Structure formats: C-alpha cells, structure tokens
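Here's the structure we're looking at; comments come further down.
The values are calculated or read from the model by the stated rules, or taken from the named source; none is laboratory data. Quick caveat, the model's predicted, so the values are computed rather than measured. As a convention, Cβ positions derive from the backbone with ideal geometry for all residues, glycine included, and neighbour counts pool all protein chains shown. Each accessible area value is taken on the protein alone, full model and side chains, heavy atoms only, with ligands, DNA and RNA left out. Shrake-Rupley method; radii C 1.70, N 1.55, O 1.52, S 1.80 Å.
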Amino acid sequence: MTPVLELRGITKKFPGVLANDNINLTLEQGEIHALLGENGAGKTTLMNILYGLYKPDEGHISVRGQPVDIHVPNDAIARGIGMVHQHFMLVPVMTVTENVMLGVESTRGGAFLDREEAARRIEKLSEKYGLEVDPHTYIKDLPVGVQQRVEIIKVLYRQADILILDEPTAVLTPQEAEELFKILRSLTAQGKSIIFITHKLKEVMAIADRITVLRLGAVAGSVRPAETDPAKLAALMVGRDVNLVVSKKAATPGDVVLQVDDLHALDERGNLIVRGVSFDVRAGEVLGVAGVQGNGQTELVYALTGLRPPASGEIRILGEPLGRLTPRDILEKGVAHVPEDRQRHGLVLSFPVSDNLVLCTYYLPPFARGISLQEDAIISASQELVKQFDVRTPNVFVDVSTLSGGNQQKVIVAREFSRPIKLLIASQPTRGLDVGSIEYIHGRIIAKRDEGTAVLLVSSELDEILALADRIAVMYKGQIVEIVPAAGVNRKYLGLLMAGVKPAEAGAAVGVGAAEAEIERVF
C-alpha cells in the first residue's frame, strides 16, 4: 500500500550544523507514528520542513504517492497536512467557533460571517470523532484538555487527514491524556494518520503503532512497540544506557526551612492568582507541587524568589520573614533557584558560559576585588564547573545561547548547586529536555536532598513529581487542595485532584479512603 506520506533523503544544513541528515520517514494510513529524539536531534527541523516553514537542501516529500513542493504552511494545509502545536494557538476572548473558522471564514451573502454554519460543521466533527466541544463556549472558559480538542478540530475543519501533534500531552492531566489517546484512536480508525512527537516514553509505548528515533540529525532506528521497551528507546535516543528509575533512599526530614502562611499573589495583569497557600518544606525532603500549568505555580515561585512581591501572607526561611527582600537578598540567604524559563530568568544569553556560571557570586571574592572582576578566577572556576557538571560546550568563552537546551539547563544547575544552599526551588527543571539530561538533573536534585537541602519541586510532569517527591502538594486554581505522602500514592487520585475534583469525590471515584491515602489536610 502506498504511504500517505513519505519523506526521502531529507537533508537540511544551517551554518555549522547538519540538522537533518538524509532522513527517510513514512506514514501509513490509519497509523500513529511516534517521533522521538534528544534536543537538537532534528525533530523540529524535520516537521518544519514538512509544514512548509523550512525548505530542505536535499530530498523530496510525497503525499499519497505524488511528489509535492511545500514552501509555506498553506501548501501543507492544501495537501491535507495539519499541525497541532505544543503551545495552543487560540484567542481566549473568542468562542470555539470563532477560533476554528479564523482564517477560513464562512460567509453568507459574500459579506457576513456565517457563524451558524461553522458551528454546525464543528458539531458534526465533534460527534464524528468524539471530541465533545460546545462551539459557542469562549476559549477562556475551557479547561486545557478541551482546548486541546479545539486545536484538533481546527485541523480537521481544514480537512486535514495527516495530523502532526507536537508534545500534545504537555499540559494535560493523566485523565485528559487518556481521553486524548481515545480521540487519536478514533481518528485513526476513521482513516486519519498521525505523527506524534513526544519525549514521554511511556506514552509512546501506549499509543504508537511505529516509533522512529532521531539522533544527531539522523535516523537511529525505527521499531514497533512490541519489539522494544522504554530503556531500549532511551538508549537509542542518547547512544548509551539510561537509568529511567530515580534511585533514592527514604527521606529523613529535619527542621522546617521554608514556611509559607496564607500567601496571596497577583499575576502580571494584577489578577489574584495564588489564593491563601500554606505549606512548609523541611531539610532533607522534596516537596513536589503538582498541577496543570497555569494554576498559580509560576506566581508562587515568583513570590518565593523575590521576582514579584506577594500581595499578602508570610514567607519564612529558617524562621526569618522574607518581607520585601530582593532576589539577591534571598539568594544570599542560601536559596537556589532553577527557574521555569531558563532563557528569561536563568541566563544572560549574550554572555559567555563563564559569566553565566558566576551570576550569583561575581561580586564576591575570589571573583571580585573591589569593583574589579578577577577574570582568571572566573575562568578557572567555570572550567572546573563545566567538568564537574558535564556541561557539553566547546569552551567557557562561547555565548551560552549557542548551547543546547539541556546544556543551558546544566549551566544553571552548576551555578546554583555549587554554592552553599539551604533551600532549592526548582521550577519545571527538565522541561523540554531529553532523557539523558533528565536523568542527570534528577540525580543532582536527589543528591542535594540527601545533603540536607530542603527542595521545593514545581512540575507539571506528574511522572517527575512521583519520581522525586517525598510529599506532594496538588495545586488547582491558585490553592493547594491536598498534601499527600508520595509513597504509594494513587496516581489516578492525583490526576483527579489536578483536574479540580474535590478530595472526597476523587477518593470515592478511585476507591481510596482518606485513611488509605494517608491524606494530610491543609485546610
């Protein structure tokens, strides 16, 4: 049978980089073909070529056996290729119908938008593929799982039968991810074909019909789930064996290091987004904050690290109130911060690796004498940190912007972990990283915990929370709804809490009582 999509010999070069090296890839009708690879492996470049954002230097693309030239996204759409991006491309203040028809507006009389006809088409698509979306609802009123469905409807509305999904479960709860998989199976059962890009190995094993792994811009292997396992896939991705299970001993919590009482915080628009949060973190333990992105976690971390002052409430470190201290004041109290956005808050991209490694201490001896920087001391220390923390860089003089995402994150980890700290606040510490970098950073976090550091881990990845945390605080709409011990916690129960289900109802839904779950109530 002729593949619905075929890429042959795709090669793309950028100055000094071979991004795609003679890549061959096929997609069969009704198939879910997963694409795996480290950061910089070439996945994004390949999909950008397929969607008309880049032009290949060599190779060709065929759709249903016919060679095609795809110069711009409209060319891809015209050939039935649609892309669902990781970050939703939706306008919150518009309805589902208005978002879906944007750019392909239905009109009546040649002048008036025909929202009713568009809504009818959306209802038919929703019913046909089990998407269950009300076309008249405003996007801002929809949970993220339903917004994901709207993105899929947008593609189907444009009559795509080849779908590219880029990290489609990145902002979903486990239950929402399961619902998405059902939808994808419904789509393929009715003839659609899907390229599924993800870094989550368990999801690949659960949803894919075939798996292609890219490494260093080339195809490292193509297998079916029945022929492999997560460990083998991880080894294909990074070229070596990877330990997928975090090795850690039981925590031995000490004194309270961070205490938060009735904290309220505003977002950048002045809206109250953190509402009465209270918790503590002890020395030698990891408290994980679980929740779908956008439920106040970012603003909580901003308040704790001085990036934005809290509206009210109290934050204490080792019993001392923070008050209105600056980020530097807080760092000098022994707080390390691995920020959610490494490029915005963690690095100065135009600075060399060496300068980024001393951003927290450049004004202190031995890196400064009066107002003069001691370049020799900075270079010597940074070279040692690059070795110690396995930062892959040609040297410490190159701009940190030239490093891969994983190595940029290692620069931040090296800087923050290499000084004496009492509290580590790590927000989305492995977002967008490959399995090799994730393994490394997870190991470093547990090592800090075992040294007696208090760790607050904020992550939208439930697997990461379950792997690292000793206790788990679930956050929903700016509040912590429960704090539970991580040992033996019910995964489905956590997923329901993340979706806003009340603890008693969530426990009843999964057959877990309060005593069985060892629930520690916060309010």
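Some values worked out for this structure:
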read-out: Lone qualifier among 477, 502 - being open to solvent by 40 Å² or more (accessible area, probe 1.4 Å), on the phi > 0 side of the Ramachandran plot and in contact with a strand residue (DSSP E or B) (Cβ under 8 Å, 6 or more places away or on another chain); value: 477
read-out: Any hit, the stretch 122-133, residues being within 17 Å of residue 95 (Cβ to Cβ) and under 24 Å from the mean Cα position of the chain (by Cα); value: yes
read-out: Sole exception among (1) within 27 Å of the chain's Cα centre (by Cα); (2) modelled with pLDDT under 95; (3) within 19 Å of residue 423 (Cα to Cα); (4) open to solvent by less than 60 Å² (accessible area, probe 1.4 Å) for residue 336, by number; value: (2)
read-out: Long-range neighbours under 9 Å by Cβ, at least six apart or interchain, first residue under 20 Å from residue 427 (Cα atoms) within the stretch 311-337, second open to solvent by 60 Å² or more (accessible area, probe 1.4 Å) and of a type in the set (A, V, I, L, M, F, W, C); value: 327/307; 333/318; 334/318; 337/307
read-out: Flag for residue 172 being under 20 Å from residue 27 (Cα atoms) and crowded, with 20+ Cβ neighbours inside 10 Å; value: no
read-out: Subset of the stretch 293-310 [open to solvent by 10 Å² or more (accessible area, probe 1.4 Å), in a loop (DSSP other than H, G, I, E, B) and either in contact (Cβ under 8 Å) with a residue 60 or more places away in the chain or among the acidic types (Asp, Glu) (or both)]; value: 293, 294, 295
read-out: Residue match in the stretch 71-90 (condition: farther than 30 Å from residue 3 by Cβ, open to solvent by 80 Å² or more (accessible area, probe 1.4 Å) and in a loop (DSSP other than H, G, I, E, B)); value: no
read-out: Top-ranked residue of the stretch 224-243 - restricted to ones that are among the acidic types (Asp, Glu) and open to solvent by 90 Å² or more (accessible area, probe 1.4 Å), ranked as modelled with the highest pLDDT; value: 227
read-out: Failed criterion for residue 262 (all others in (1) open to solvent by 40 Å² or more (accessible area, probe 1.4 Å); (2) closer than 24 Å to residue 483 by Cβ; (3) outside any loop (DSSP other than H, G, I, E, B); (4) touching a Leu at 6+ places or on another chain (Cβ under 9 Å) hold); value: (4)
read-out: Residue in the stretch 134-146 that is surrounded by the fewest Cβ atoms within 10 Å (Cβ to Cβ), counting only those that are out of contact with any Leu (no Cβ under 6 Å at 6 or more places or on another chain) and in contact (Cβ under 8 Å) with a residue 40 or more places away in the chain; value: 140
read-out: Test: residue in the stretch 138-156 that is over 23 Å from the mean Cα position of the chain (by Cα), in a strand (DSSP E or B) and within 16 Å of residue 100 (Cα to Cα); value: yes
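Each row is one residue, and each column tells you yes or no for (1) open to solvent by less than 20 Å² (accessible area, probe 1.4 Å); (2) more than 23 Å from the chain's Cα centre (by Cα).
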site	(1), (2)
256	no, yes
267	yes, no
270	no, yes
276	no, yes
279	yes, yes
